[in-house]
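Asker: First the structure, then my questions, so here it is.
The values are calculated or read from the model by the stated rules, or taken from the named source; none is laboratory data. Every value quoted in this text rests on a predicted model; they were computed, and no experiment measured them. Here Cβ is always computed from backbone atoms with ideal geometry, including for glycine, and neighbour counts include all displayed protein chains.
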Amino acid sequence: MTPSPHHRLGDLQLRILQVLWDRGEASVADVYAVIKPERDLAYTTVATMLRKMEARELVEHREEGRAFLYRAKVAAEDVNRSVGSHLVERLFEGSLADAVSHLLTSREVSRAELDQLEKLIKDAKRRAK
């Protein structure tokens with residue numbers, strides 16, 4: 001997989017990547033079948049988006065008979081990291097503390113999630129020494 005320092009993705013692009021990450025590879029028809037119940041899209045919209053994503057080196061394809069089978073060229077972790085960093089920079093002026101505070105006060109947080117956050121903070125403190 002080819003990492004990129006920053007991925008700017010629309011909702012449809014991200015959803016297509018999620019389908020490809022889940023399946024490994026998929027035809028336009030496969031992707032369309034998963035996305036169609038969620039969104040009112042034409043088959044050609046999905047095909048066009050996959051071609052555009054390939055031009056941006058987000059996905060690649062191989063031919064199998066008359067079908068193109070697409071797979072992600074970017075790892076989910078790289079996209080998540082990039083989108084998360086972009087979000088913190090844009091919405092919280094680079095403040096991770098403000099981003100976390102917002103998340104903790106704007107949604108239900110389970111005890112297990114809080115325990116996990118405490119462990120992540122403890123590990124980060126250890127690495128920062």
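Asker: Among the residues of the stretch 46-60, is there at least one that is exposed (fewer than 13 other Cβ atoms within 10 Å of the Cβ) and among the acidic types (Asp, Glu)?
Answerer: Checked the stretch 46-60: at least one residue is exposed (fewer than 13 other Cβ atoms within 10 Å of the Cβ) and among the acidic types (Asp, Glu).
Let's see how each residue does on (1) of a type in the set (Ser, Thr, Tyr); (2) assigned by TED's automatic domain parsing to the domain that holds ALA29; (3) farther than 19 Å from GLY24 by Cα; (4) without any contact (Cβ under 8 Å) to a residue 60 or more places away in the chain:
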residue	(1), (2), (3), (4)
THR45	yes, yes, yes, yes
VAL59	no, yes, no, yes
ARG81	no, no, yes, yes
HIS86	no, no, yes, no
ARG90	no, no, yes, yes
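Asker: Show me the helices (runs of 4 or more DSSP H) found entirely inside the stretch 14-119 where at least 3 residues are of a type in the set (Val, Ile, Thr) and on the phi < 0 side of the Ramachandran plot.
Answerer: Where helices (runs of 4 or more DSSP H) fall fully within the stretch 14-119 and carry at least 3 residues being of a type in the set (Val, Ile, Thr) and on the phi < 0 side of the Ramachandran plot, they are 28-35, 43-55, 76-92.
Asker: A further question follows. Among what's in the stretch 80-96 and is under 12 Å from the mean Cα position of the chain (by Cα) and under 12 Å from LEU9 (Cβ atoms), pick the residue that is surrounded by the fewest Cβ atoms within 10 Å (Cβ to Cβ).
Answerer: Ranking the qualifying residues of the stretch 80-96, first place goes to ASN80.
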